[in-house]
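Following: one structure in structure tokens, then a few remarks.
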Amino acid sequence: MLLGMELQVQKREILGKQVKSLREEGLIPAELYGHGLENIHLSVPAKEFSKVFKEAGESTIISLNFENKKIPVLIYEVSADPLSDKIIHIDFYAVRMDEKITTSIPLEFVGESSAVKEKEGTLIKAMQALEIRALPADLPRNFEVKLDTLSEIGMSIHVKDLTIPKGVEILVEPETVIATVVEKAKEEVEEKPITVEEVKVEGEEKKEEEIKEEEKGKPE
């Protein structure tokens, strides 16, 4: 099977703290591993990877071009610098196209709930991804969750409401809630308006306290 997205990579000899020099050259250190495959250290061109990752995400099979071979892989994990947000490390997982794999597919929430927009409900997203099992070629990039079906407060979208492609086995109970709309939480304590009488009483109490303090300070 030909894969649409390809990425040219090369074997990496530089390890440990020295990988900093790779990043300065526009390369990202990476690891390739998988069932029955010996771990391989790789370096990946940062610009090319960013383009592929933007399109493929972590649930689409891509092809690594490595030493005159094409290896089908999943982008298994991407690590980024917390300050600069630049990608600093990648894990690729090699797959066999004839073996099913278990992975998580992200949920994409689309549209807007009228229960939120018009009836002041609060949208609760109970899940962000769905665990599935499928052949690599059958992996969907995401599952679309249509929020416009939530027209009333109290309505929910369940796993069973999703459109599941052929060949994909869902590993979550069908009745599991993905999203729901609830009433907005009311303020537990409402601010009570202050009356003129309360201000007057408060003022008199403070005045009495001040007089007592003055009496204490007077010589006997």
By how many nm would the segment from ILE124 to LYS47 grow when fully extended, if each residue of separation counts as 0.36 nm and the alpha-carbon distance is taken off? 24.1 nm
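For the pairs LYS54/LYS86; LYS47/LYS86; LYS100/LYS125; LYS119/LYS184, note any where the Cα-Cα span goes beyond 20 Å.
From the list (LYS54/LYS86; LYS47/LYS86; LYS100/LYS125; LYS119/LYS184), the Cα-Cα distance tops 20 Å for LYS100/LYS125.
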If each residue of separation counts as 0.36 nm, what is the full-extension length gain between VAL177 and ASN68 once their alpha-carbon separation is subtracted? 34.6 nm
With no solvent and one point on each alpha carbon, what is the Debye value of log10 I(q)/I(0) for the stretch 98-167 at q = 0.15, 0.19 Å⁻¹? -0.55, -0.77
Starting from the Cα-Cα distance between LEU83 and GLN8, subtract it from 0.36 nm times their residue separation and give me the gain in nm to one decimal. 24.2 nm
In sequence order, calculated HN-Hα J values of the stretch 153-168 (Karplus, 6.51, -1.76, 1.60; Hz; x Gly/Pro): 5, x, 7, 9, 10, 10, 4, 5, 7, 6, 8, 9, x, 4, x, 9
If amide H atoms are modeled at 1.01 Å from N in the peptide plane, then the residues at a separation of 5 or more from GLN10, or on another chain, having amide H under 5 Å from its own are SER43
With r as the distance between the Cβ atoms of LYS100 and ILE164 and R0 = 22 Å, compute the FRET efficiency 1/(1 + (r/R0)^6) and round to 0.05. 0.90
Residues meeting the amide H criterion for TYR76 (H placed from the backbone, H to H distance under 5 Å, 5 or more places apart or on another chain) are ASP91, PHE92, TYR93
Give a residue-ordered list of calculated ³J(HN,Hα) values for the stretch 52-64 (Karplus: 6.51 cos²θ - 1.76 cosθ + 1.60, θ = phi - 60°; whole Hz; x for Gly, Pro). 5, 5, 4, 8, 8, x, 9, 10, 10, 6, 10, 10, 8
THR176 long-range amide H proximity, modeled H, under 5 Å: VAL159, LYS160
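Rule-based calculations on the coordinates, nothing more; no lab input. Source: prediction; values computed, not measured. Here Cβ is always computed from backbone atoms with ideal geometry, including for glycine, and neighbour counts include all displayed protein chains.
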